[in-house]
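Input: a single structure, listed below in structure tokens.
The values are calculated or read from the model by the stated rules, or taken from the named source; none is laboratory data. Bear in mind the structure is a predicted one, so any value in this text is a computation, not a measurement. Backbone-built Cβ (ideal geometry, glycine too); neighbour counts: all protein chains shown.
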Amino acid sequence: MSILIQSIVNGLNQGAIYALIALGYTMVYGILRMINFAHGDFIMVGAYTMFYTVPLMVSYGMPAWMAVFAAVAVCTAVGVLVERIAYKPVRNSGSISALITALAMSLFLENLAMVLFGGNPKTVTKIFDLPMIELFGAKIQLKYLLTLGIGLAIKEETAAAMQDVYEKFPRLRERRRQLAGTLSGGEQQMVAVGRALMGKPSIILMDEPSMGLSPLLVKEVFAIIKEIHAAGITVLLNEQNAKMALSIADRAYVLETGTISISGDAQELLKDERVKKAYLGQ
């Protein structure tokens, strides 16, 4: 019985780790629209940072766990550098170019690590000791339970965020098993807005959310934008439907040939004769 319990926990722990890695891939693809083959190599960079900074922290009398912050900082710096040097120049060059670049970056980081650190396995010094827990005769490391807990928490939070999106866009619930690329233009707009909301942002930029939508769906989308703003999220809206945009906005700016020609309170701009003549058809 104890062996069975141990095997189940080990399997769930491994699955939770894979799920967390997959979540990282999903977030990268959702933002960059590319598969980042170097994702695992960034984890390697963090591991090597931990390997060298943990003893350094201990030698200076600092808590070993502070090396985690150093690892996060180094991974962030490497990620920004790779984005600027490798990924950004090919972002608009097609999916094949981005795919080859990501694969090349993965190989580059792996071989660079081999040159700098060698190919021999290394063990990172423990930053803290977690106790063993006995469950039905099986001794389970607490770190396994923590990994499972984190995985379950993320799963529940994601499910709650998805449910919130479905409540705002009931049509997406009906199409949940359909590929996003096969949805109508309006439904794809809903997916884009819903995906942004799942990140629980403090500010959201919307570029032409009414484009390609029927008049009925336009009203629904703008009602949702108003609801998002009422929830405390700042919305920066770029929209050609001036009447609808001004009806829900607090402040508005009119751009002409790249310069701000008119700005002010949105309700005042609705009454402005220049705006009426040029953008409201009055």
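Do we find a residue being touching a residue at least 60 places away in the same chain (Cβ under 8 Å) and not small (G, A, S) anywhere in the range 214-227?
No, every residue in the range 214-227 fails to be touching a residue at least 60 places away in the same chain (Cβ under 8 Å) and not small (G, A, S).
In the set I100, I96, which member is modelled with pLDDT under 85 and either among the hydrophobic types (A, V, I, L, M, F, W, C) or touching a helix residue (DSSP H, G or I) at 6+ places or on another chain (Cβ under 8 Å) (or both)?
When all the criteria are applied, what remains is I96.
Which of the residues that make up the range 53-94 are over 21 Å from the mean Cα position of the chain (by Cα) and of a type in the set (S, T, N, Q)?
T53, S59, S93 - these are the residues of the range 53-94 that are over 21 Å from the mean Cα position of the chain (by Cα) and of a type in the set (S, T, N, Q).
Tally the residues that are outside any loop (DSSP other than H, G, I, E, B), β-branched (V, I, T) and touching a residue at least 40 places away in the same chain (Cβ under 8 Å), restricting the search to the range 122-167. Spell out the reasoning first.
To start, the set of residues in the range 122-167 that are outside any loop (DSSP other than H, G, I, E, B) comprises 132-135, 138-167.
When the remaining residues are screened for being β-branched (V, I, T), the result is 133, 140, 147, 150, 154, 158, 165.
From the residues that got through so far, the ones that are touching a residue at least 40 places away in the same chain (Cβ under 8 Å) too are 140, 147, 150, 154, 158.
Going through the range 122-167 one residue at a time, the tally reaches 5.
Given the residues V54, V74, which is the only one that is without any contact (Cβ under 8 Å) to a residue 60 or more places away in the chain, part of a helix (DSSP H, G or I) and assigned by TED's automatic domain parsing to the domain that holds A16?
V74
Please enumerate the residues belonging to the range 185-203 that are more than 17 Å from M162 (Cβ to Cβ) and surrounded by 18 or more Cβ atoms within 10 Å (Cβ to Cβ).
Passing the criteria: G186, Q189.
Mind telling me which of the residues P131, P89, P63 ends up being closer than 26 Å to Q14 by Cα and not acidic (D, E)?
Exactly one of P131, P89, P63 is closer than 26 Å to Q14 by Cα and not acidic (D, E), namely P131.
Take S97 and tell me if it is among the small types (G, A, S), more than 21 Å from the chain's Cα centre (by Cα), assigned to a helix (DSSP H, G or I) and closer than 30 Å to V74 by Cβ.
Taking the combined requirement at face value, the residue satisfies it.
Only one residue in M105, M114 is in a helix (DSSP H, G or I) and touching a helix residue (DSSP H, G or I) at 6+ places or on another chain (Cβ under 8 Å). Which one?
Unique residue meeting the criteria: M105.
Please find, within the range 95-121, the residue that is farthest from T53 (Cα to Cα) out of those that are in contact (Cβ under 8 Å) with a residue 60 or more places away in the chain and hydroxyl-bearing (S, T, Y).
S95
So, restricting to helices (runs of 4 or more DSSP H) that lie completely within the range 168-234, which ones have at least 2 residues that are modelled with pLDDT under 80, of a type outside the set (G, A, S) and more than 20 Å from the chain's Cα centre (by Cα)?
It comes to 215-230.
Tell me, yes or no, whether the range 67-74 has at least one residue that is under 27 Å from A98 (Cα atoms), modelled with pLDDT of 85 or more and loosely packed, with under 14 Cβ neighbours inside 10 Å.
Among the residues of the range 67-74, at least one is under 27 Å from A98 (Cα atoms), modelled with pLDDT of 85 or more and loosely packed, with under 14 Cβ neighbours inside 10 Å, which makes the answer yes.
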